[in-house]
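Read the structure below first, then the notes.
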Amino acid sequence: MNIAKKNAAIAALGMVEDGMVLGLGSGSTAEIFIELLGAQVRQGMNVTGVPTSAATAACAKEHGVPLVDPDKVDRIHLTIDGADEIDENFQMIKGGGACLLREKIIADVSEHMAVIVDASKMVKTLGKFVLPVEVDPFAMGLTVERIYTAMGQAGIKNVETTLRPIKRGKKPLVTDGGNYIVDCACKKITDPILLSGLLNSIPGVMEHGLFINLADTIIIGEKDMAKVMEIVRE
Ligand code: 5RP
């Protein structure tokens with residue numbers, strides 16, 4: 001187990017209170033958190049989780065974390081999730097695990113989002129990691145043209161796009177929501193808020209991996225500790 005990710009997950013556990021409804025993120029760091037949470041549940045902690053992917057639901061079941069349908073809860077107190085990149089304004093790229101749509105739905109309705117990462121995820125400018133864009137397979141070519149236009153309007157030139165394949169194979173990966181992922185190699189996203197708005201206005205784009213103003217706490221795991229950073233939003 002990656003020790004930096006584990007230390008971030010341990011620190012996140014300290015934010016969990018008895019009785020909470022938790023948004024459970026996706027990816028390897030979120031899964032470490034779920035495993036640790038499962039141990040607390042076995043010792044009597046009373047929490048329920050809303051999973052952000054089928055993989056997370058399976059992980060929660062394996063570790064004995066009770067799950068609840070998102071439509072059956074009236075609030076989600078805290079979401080704990082990983083990230084692919086985070087900048088100094090707490091803006092993020094997510095979706096490396098193709099779960100961005102459900103992750104964003106849950107993060108958006110959560111009262112608090114804590115992001116658990118190792119230091120390699122912290123960047124000055126977003127864009128070294130590809131930006132995943134989840135698209136409806138219908139008329140995908142037309143949607144990709146609109147994505148190029150949006151990128152140009154946000155000052156990003158020469159974007160390379162790749163239809164994400166399944167892990168071991170050539171077929172396109174299909175998300176939990178039945179969509180495809182177009183990975184956009186942007187190199188530098190200098191205005192993520194502008195790009196996010198432009199992508200949001202394309203009908204064939206189901207969601208994209210720019211998570212704007214969603215993270216409230218960032219927990220950066222290190223070898224023997226974790227650093228906690230908070231942002232205060234009006
Ligand atoms: C999945 C995600 C993950 O949070 C992101 O890819 C980070 O994953 P990991 O914790 O394995 O580094 O956005 O869609």
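The values are calculated or read from the model by the stated rules, or taken from the named source; none is laboratory data. Everything numeric in this text was worked out from a predicted model, so none of it was measured. Methodologically, a virtual Cβ is constructed for each residue, glycine included, from the backbone with ideal geometry; neighbour enumeration extends over all protein chains shown. In case anyone asks, the SASA skips ligands and DNA or RNA and just uses the protein heavy atoms, side chains included. Shrake-Rupley method; radii C 1.70, N 1.55, O 1.52, S 1.80 Å.
Yes/no matrix, rows are residues, columns are (1) over 30 Å from ASN7 (Cα atoms); (2) open to solvent by 70 Å² or more (accessible area, probe 1.4 Å); (3) small (Gly, Ala, Ser):
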{"residue": "VAL159", "(1), (2), (3)": "yes, no, no"}
{"residue": "ILE181", "(1), (2), (3)": "yes, no, no"}
{"residue": "THR190", "(1), (2), (3)": "yes, yes, no"}
{"residue": "ILE193", "(1), (2), (3)": "yes, yes, no"}
{"residue": "GLY197", "(1), (2), (3)": "yes, no, yes"}
{"residue": "GLY209", "(1), (2), (3)": "no, no, yes"}
{"residue": "LYS223", "(1), (2), (3)": "no, yes, no"}
{"residue": "GLU230", "(1), (2), (3)": "no, yes, no"}
{"residue": "ARG233", "(1), (2), (3)": "no, yes, no"}
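Comparison of GLU134, GLU88 shows that the only residue that is acidic (Asp, Glu) and closer than 29 Å to LYS223 by Cβ is GLU88. Residues of the range 196-227 that are more than 18 Å from the chain's Cα centre (by Cα), within 23 Å of GLU111 (Cα to Cα) and touching a residue at least 40 places away in the same chain (Cβ under 8 Å): ALA226 alone. Checked against (1) open to solvent by 20 Å² or more (accessible area, probe 1.4 Å); (2) more than 11 Å from the ligand (Cβ to nearest atom); (3) at negative phi, ASN2 passes all but a single condition, namely (2).
Taking into account only those residues within the range 92-140 that are of a type in the set (Ser, Thr, Tyr) and in contact (Cβ under 8 Å) with a residue 40 or more places away in the chain, which is least open to solvent (accessible area, probe 1.4 Å)? Step through it out loud before you land on a result.
Step one: filter the range 92-140 for residues of a type in the set (Ser, Thr, Tyr), giving 110, 120, 125.
Going one step further and asking which of them are in contact (Cβ under 8 Å) with a residue 40 or more places away in the chain, we end up with 110, 125.
Values: SER110: 18, THR125: 55 Å².
Looking at residues that are of a type in the set (Ser, Thr, Tyr) and in contact (Cβ under 8 Å) with a residue 40 or more places away in the chain, I get SER110.
Across the range 5-36, the number of residues qualifying as surrounded by fewer than 23 Cβ atoms within 10 Å (Cβ to Cβ), assigned to a loop (DSSP other than H, G, I, E, B), out of contact with any helix residue (DSSP H, G or I) (no Cβ under 8 Å at 6 or more places or on another chain) and touching a residue at least 12 places away in the same chain (Cβ under 8 Å) comes to 5. Scan the range 163-175 and give yes if some residue there is touching a residue at least 60 places away in the same chain (Cβ under 8 Å) and either away from the ligand (no atom under 16 Å from the Cβ) or not assigned by TED's automatic domain parsing to the domain that holds SER201 (or both), otherwise no. No, the range 163-175 has no match at all. Number of residues in the range 136-195 that are under 19 Å from the mean Cα position of the chain (by Cα), closer than 20 Å to ASP87 by Cβ and of a type in the set (Gly, Ala, Ser): the value is 1. Could you tell me whether any residue of the range 37-60 is surrounded by 22 or more Cβ atoms within 10 Å (Cβ to Cβ), assigned to a strand (DSSP E or B) and near the ligand (Cβ under 10 Å from one of its atoms)? No, the conditions are met nowhere in the range 37-60.
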